[in-house]
Amino acid sequence: MGPWQKYEDNHLLNRIYELEEAEFESFYMCHLAHALKNNACNEETFFFKIWEIVENRINRLKGEDPFSYYHDRHVFRVEKLQQFQKCLNSIDQWNARPDHIIITEKEEIIQKQKKEIEQLQGRLDALKAYEVSQKIWIKEGYLTTVIDLFQKIEKLEVPGGGNLLKYDHQVAYPRMISKYFSHGGNDIPIETLRNYYVSKKDDEPVKGTSIQSERKLFKIVPVKGTKK
C-alpha cells in the first residue's frame, strides 16, 4: 500500500524519522493519494493501516532494553512517532483510533470547555456588578436637558487647566446614558443618543441633532474663588 511495497512498514517509519513535524501531513497525504489512485484501499482503511503500523512500532520500541546501546535512538524514534500520531489525530474523522485514545481526547476537550465556561462565567459575574435593577428615571420630555448637562460637564476645566473628564470615543456618553437612564420609564436607544454626540463646530453639531434652547435649563458654574 502506498509507494512502498515489500518493506512498506520500515520504509514508512524510516521516512517519518527523517521528517520535520511540519512535513508530516503532506507526507501522509502524498501516500494516501497514491493508495487511492491505485485503488489499494479507501481513506478510512488507509488511516487505520498507518495508525496500526506506527502504534505497533512505538510499542515495540518501548519494549526494548533500556540499557541497550541503541536506547537513545529508540527514545528518539518513539518521540518522533508520537509526534506523527498527533498529526494523525487531526486527520482521524472516523474515530478509527483506539477507543481509549478517543475517550481521553474527548475528556480533554470537555475539561477545556469547562474551564472556558468558568472563565466566561467569571467575566459575566464581574459585569453583573455594574448592572442596575432600576435605571435612573428622566422626566418625560426632558431627555435633551440631561444630554445638555452631560455636554456641559464635558467642557468643565479644573484649576490649572485641562478638562475634568476625558474620553476617547464619542460613543462613551451615549452608551452610559442608554445603560443607566430611562426616559419616562422607557429605554433610550444608543442610536438616538449618538445623534447628539457628533463632530461639532462652534458648539453646534456639524451633523446630527441640536438641543433646543428651551431645553437648556441649567448652567454649571464653578464655586466662587475657584481659579482656572
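A compact table of results
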{"read-out": "Beta bridges by DSSP in the chain, antiparallel share as percent, to the nearest 5", "value": "60 percent"}
{"read-out": "Relative packing of peptides 42-54, 162-174 - highest average C-beta neighbours within 10 Å first", "value": "42-54, 162-174"}
{"read-out": "Sorted peptide list for 100-112, 140-152, criterion being average Cβ within 10 angstrom, highest first", "value": "140-152, 100-112"}
{"read-out": "Efficiency of FRET between Phe67 and Arg15 - r from beta-carbon atoms, R0 25 angstrom, step 0.05", "value": "0.30"}
{"read-out": "Where labels lie 7 Å past Cα in the beta-carbon direction, separation of Gln93 and Leu127 in nm", "value": "3.5 nm"}
{"read-out": "Counted charge near Leu149, where neighbours are those whose Cβ lies closer than 12 Å (Asp, Glu -1; Lys, Arg +1)", "value": "+3"}
{"read-out": "Per-residue ³J(HN,Hα) for the stretch 26-32, Karplus 6.51 cos²θ - 1.76 cosθ + 1.60, θ = phi - 60°, Hz, x for Gly and Pro", "value": "5, 4, 4, 5, 4, 5, 4"}
{"read-out": "Over 25 Å between alpha carbons, listed pairs Lys37/Lys80; Lys112/Lys179; Lys86/Lys112; Lys62/Lys86", "value": "Lys37/Lys80; Lys112/Lys179"}
{"read-out": "Residues Lys166 and Ile211, FRET efficiency given R0 of 30 Å [Cβ-Cβ distance, rounded to 0.05]", "value": "0.85"}
{"read-out": "14 Å beta-carbon shell around Lys112, net charge (K/R +1, D/E -1)", "value": "-2"}
{"read-out": "Pairwise centroid distance, computed over Cα atoms, of the stretch 63-89 with the stretch 28-54, Å", "value": "23 Å"}
{"read-out": "Among His11, Trp137, Ser68 the positive-end extreme of the charge dipole of the chain (Cβ point charges)", "value": "Trp137"}
{"read-out": "FRET efficiency, Leu36 to Arg60 (Cβ-Cβ, R0 30 Å, nearest 0.05)", "value": "0.55"}
{"read-out": "Whole-Hz couplings from phi, Karplus 6.51/-1.76/1.60, listed for the stretch 127-137; x for Gly and Pro", "value": "5, 5, 4, 9, 7, 10, 6, 9, 6, 5, 8"}
{"read-out": "Solution diffusion estimate, µm²/s, Stokes-Einstein, the stretch 8-97, Kirkwood Rh from C-alpha pairs, 25 °C, viscosity 0.890 mPa s", "value": "178 µm²/s"}
{"read-out": "Debye, to nearest 20: dipole size of the chain, +1 on Lys, Arg Cβ, -1 on Asp, Glu Cβ", "value": "1740 debye"}
{"read-out": "Separation in nanometres of the label points that stand 7 Å from Cα toward Cβ, at Val75 and Ile102", "value": "3.4 nm"}
{"read-out": "(i) 23.6, 85; (ii) 34.8, 100; (iii) 19.7, 60, with the label sought being that of the calculated Rg and Dmax of the Cα atoms in Å", "value": "(ii)"}
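Rule-based calculations on the coordinates, nothing more; no lab input. Since this is a predicted model, take the numbers as computed values, not measurements. Heads up, the Cβs are rebuilt from the backbone with ideal geometry, glycines too, and the neighbour counts pull from every protein chain shown.
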